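What follows is a single structure, written as structure tokens, with notes after it.
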Amino acid sequence: MNVSRRIVLHFPPNITEQPVVYRLVRDFGLTFNILKASVSPGEEGLLVMELSGEEKNYNKGIKYLTEAGVEIQSLSQDVVRDESRCTHCGACITICPTEAFALEPRTRKVLFDHNKCVVCGLCVKACPPRAMILNF
Amino acid sequence: MVTTGTFGPMCGSGAFFNVGHSKPRMKFGGGKVYLNDVPVYTGTAAVDIFLGATAKELVAGKDVILTATAFGTDCYPRKKLETLINIKDINEAILFNLRNAYQNYNVAVNLSEKVIYTYMGVIKPNLGNANYSTAGQLSPLLNDPYYKTIGVGTKIFLGGGIGYVAWHGTQHDPAALRGDNGVPRRGAGTLAVIGDLKQMKPEWLVGTSMLGYGCTLTVGIGVPIPILSEEILRYTVVSDADILAPVVDYSEAYPQMKPDILGEVSYAELRSGRIKVQGKDVPTGSLSSYLKAVEIASILKKWIEKGEFLLTEPVAPLPGVESGITFKPLKERPIGE
């Protein structure tokens with residue numbers, strides 16, 4: 001069975017120079033789609049990606065990453081909306097590159113679809129009442 | 001009766017506080033005072049202070065750190081003070097917004113190649129998006145375009161409590177271009193509003209930060225409009241399709257004070273999610289919450305129905321089209337010639 005999951009990888013400084021993602025492809029036959037990357041040699045790195053492949057291989061790949069010292073987090077909770085702060089103005093709608101925000105036509109409530117979010121963080125800064133929170 | 005509402009970032013918002021006298025007394029005026037590290041204006045008297053758009057934590061009932069230093073006088077000898085204060089303990093906390101509830105406003109776009117960070121939000125380059133900021137058909141002054149019922153002394157919903165229209169707002173511009181229906185097609189009238197901050201709720205008075213611009217306050221305002229004549233009724237049935245707003249380039253025309261506009265669009269078009277500017281389809285976003293504006297108008301309706309909110313008649317009208325008042329730019333004059 002094939003699986004496809006969005007994950008956040010935290011690289012400790014000592015392995016940012018290793019070709020970790022390449023090994024996921026070569027050794028485990030996984031495919032990846034990088035959604036966000038911030039990796040500088042000698043510093044802690046961050047990679048947000050969608051990783052897909054045969055479930056057995058996927059699990060092996062995750063095991064390899066863990067053993068290599070990479071900390072793995074699932075993506076779903078990474079950008080969250082503080083419902084008590086959101087005023088439903090809609091300033092986020094045109095800012096989001098993946099159209100994760102939409103207006104409910106009747107009420108004009110701003111809906112946030114977690115599944116479409118790629119954790120780029122643009123909405124976090126652009127939100128006037130500071131309702132969008134980045135959790136890393 | 002028609003109730004109106006609006007809930008958006010509003011410049012010109014601030015609050016006065018009288019925190020009470022310490023023992024020994026201290027005169028803040030001429031000294032430096034901070035609330036949670038935010039500087040406040042002290043120039044009015046001994047313990048009256050004025051705070052810009054950051055009153056949120058006080059409204060939420062949280063303790064706030066007050067620090068003060070002053071030069072000391074014979075009758076106000078104290079020079080230094082550090083204490084916690086809470087809104088429930090201080091004498092007065094008065095929200096006094098000099099310019100709220102703008103009657104219509106610009107739609108901001110960006111013709112340049114770079115992202116710009118404005119009080120109208122983040123505007124993407126090459127007409128990447130368009131931001132607008134009024135409640136349109138629900139906005140108080142768009143339902144009373146000629147200020148027939150809203151005037152000085154009108155009782156209103158302000159930040160979840162009760163407030164009053166204190167005066168016409170700064171930059172009030174009744175002579176702005178209007179359509180055949182009387183509705184301004186540019187930013188026009190504004191309201192100065194005042195109310196007891198102690199009654200207000202953080203839900204309806206939200207500290208707001210515009211990236212790269214600074215902080216402001218999102219204020220909930222609701223105004224009742226009594227239907228006293230057919231004419232007033234006609235004004236209140238205004239719909240988004242009847243209200244036009246100017247599209248302005250915030251990369252060049254706005255900062256450089258150029259009067260050029262890129263065209264006009266209706267609020268119905270803005271709310272559809274896309275407008276046409278220079279032949280391009282531009283996605284629209286709002287800074288004003290229509291959902292919350294509807295909620296404010298409904299709360300005010302309930303208050304009135306229950307008899308908890310009685311209407312007031314204005315004690316003076318707002319300056320109208322005939323007043324000759326216009327919104328003037330600053331005329332710079334050389335010094336010392």
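Remarks
- Test result for B:Gln171, more than 14 Å from chain A (Cβ to nearest Cβ) and either in contact with a helix residue (DSSP H, G or I) (Cβ under 8 Å, 6 or more places away or on another chain) or in contact (Cβ under 8 Å) with a residue 12 or more places away in the chain (or both): yes
- Every listed requirement among (1) free of Cβ contacts under 8 Å to residues at least 40 places away in the same chain; (2) in contact with a Ser or Thr (Cβ under 8 Å, 6 or more places away or on another chain); (3) over 28 Å from B:Ala192 (Cβ atoms) is met by B:Lys276 save one, (2).
- Verdict on A:Glu104 being more than 15 Å from the chain's Cα centre (by Cα) and within 14 Å of chain B (Cβ to nearest Cβ): yes
- Against the test of being under 30 Å from B:Ala130 (Cα atoms) and surrounded by 19 or more Cβ atoms within 10 Å (Cβ to Cβ), the options A:Gly90, A:Gly53 yield a single qualifying residue, A:Gly90.
- Within the set A:Ile93, A:Ile133, the sole residue that is touching a strand residue (DSSP E or B) at 6+ places or on another chain (Cβ under 6 Å), part of a strand (DSSP E or B) and among the aliphatic types (A, V, I, L, M) turns out to be A:Ile133.
- Residue match in segment A:117-127 (condition: within 12 Å of another protein chain (Cβ to nearest Cβ), basic (Lys, Arg) and either touching a Pro at 6+ places or on another chain (Cβ under 7 Å) or not in a helix (DSSP H, G or I) (or both)): no
- Yes/no for A:Ala131 being of a type in the set (Gly, Ala, Ser) and over 25 Å from B:Ser209 (Cα atoms): no
- Note on segment B:23-35: among residues that are part of a loop (DSSP other than H, G, I, E, B) and surrounded by 15 or more Cβ atoms within 10 Å (Cβ to Cβ), the one that is modelled with the lowest pLDDT is B:Gly29.
- Checking each residue in segment A:100-136 for being hydrophobic (A, V, I, L, M, F, W, C) and without any contact (Cβ under 8 Å) to a residue 24 or more places away in the chain picks out A:Ala100, A:Phe101, A:Ala102, A:Leu103, A:Leu111.
- All of B:Ala15, B:Ala46 fail the test of being surrounded by 16 or more Cβ atoms within 10 Å (Cβ to Cβ) and more than 30 Å from B:Lys155 (Cα to Cα), apart from B:Ala46.
- Selected residue (criterion: nearest to B:Thr236 (Cα to Cα)) from residues of segment B:182-202 that are of a type in the set (Lys, Arg) and assigned to a loop (DSSP other than H, G, I, E, B): B:Arg185
- Of all residues making up segment B:97-130, the number that are assigned to a strand (DSSP E or B), facing chain A (nearest Cβ under 10 Å) and surrounded by 19 or more Cβ atoms within 10 Å (Cβ to Cβ): 4
- Sole residue being of a type outside the set (S, T, N, Q) and in contact with an Asp or Glu (Cβ under 7 Å, 6 or more places away or on another chain), chosen from B:Phe7, B:Phe71, B:Phe17, B:Phe28: B:Phe17
- Options B:Glu57, B:Glu82: the member that is farther than 30 Å from B:Ile304 by Cβ, in contact with a strand residue (DSSP E or B) (Cβ under 9 Å, 6 or more places away or on another chain) and within 14 Å of another protein chain (Cβ to nearest Cβ): B:Glu57
- Where B:Gly189 falls short, out of the listed (1) within 14 Å of chain A (Cβ to nearest Cβ); (2) crowded, with 23+ Cβ neighbours inside 10 Å; (3) not β-branched (Val, Ile, Thr): (1)
- Every residue from segment A:107-116 that is of a type in the set (A, V, I, L, M, F, W, C), crowded, with 16+ Cβ neighbours inside 10 Å and within 12 Å of chain B (Cβ to nearest Cβ): A:Val110
- Candidate set: segment B:283-310, residues that are among the small types (Gly, Ala, Ser) and more than 8 Å from chain A (Cβ to nearest Cβ); chosen: the one nearest to A:Thr107 (Cα to Cα): B:Ala293
- The single condition from (1) more than 14 Å from chain A (Cβ to nearest Cβ); (2) more than 20 Å from A:Pro105 (Cα to Cα); (3) modelled with pLDDT of 95 or more that B:Ser266 fails is (2).
The values are calculated or read from the model by the stated rules, or taken from the named source; none is laboratory data. Everything quoted here is computed from the prediction, not taken from an experiment. Cβ atoms come from the backbone with ideal geometry, glycine included; neighbour counts cover every protein chain shown.
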